[in-house]
Amino acid sequence: MRVKFTVGDWSKDGHNESDTYVVDIYKLGQFTEPTKAEIDQAFHDGCILMGLSKEQCKSLDFIFCQEYGDNKIPQEVIDGMKRVGLNPDNYFDGYRQNESSGCHDTFHLLWLDIMKVGSNSNLYYQECKGEVVYHIGGYGLYSN
């Protein structure tokens, strides 16, 4: 399943900064796509395995770094990452100085790795690099 992750101001109604990443998600050993429900469940299960509360795991959005200026990663998330074998150094600047700042260019990878942990490594992903866009016309097809 091809998934698009937008990190930052996805609605463009605030600071207007965001990045979009496109990823293909597959089932291990198969070239079949998981369903959205399987991906959602794997992320939820990964959060639970990290020891986060049910409240923290109920949404598919991270509950941290949601507001402008909220760029620090909570210690409980760092602890949970370690619990399931995810190295904070791979995702956050300043981790070793106890000032873990979220990195917008790896934030989606953390989400995906939590999903992978929750799927018991039965789901894997590959980032889509580059993009080819064809403008094939058809503008007039949208007229009344």
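Bear in mind these aren't lab numbers, they're just calculated from the coordinates by the rules spelled out. Every value quoted in this text rests on a predicted model; they were computed, and no experiment measured them. Here Cβ is always computed from backbone atoms with ideal geometry, including for glycine, and neighbour counts include all displayed protein chains.
Just a few scattered comments:
- Fully extended contour minus Cα-Cα distance, from Asn16 to Lys82, at 0.36 nm per residue: 20.5 nm
- The slack between Tyr26 and Ile48, meaning 0.36 nm per residue of separation minus the straight C-alpha distance, is 5.7 nm.
- Counted charge near His108, where neighbours are those whose Cβ lies closer than 9 Å (Asp, Glu -1; Lys, Arg +1): -3
- Inter-label distance for Asp89 and Gln41, nm, one decimal - labels placed 7 Å from Cα along Cα-to-Cβ: 3.6 nm
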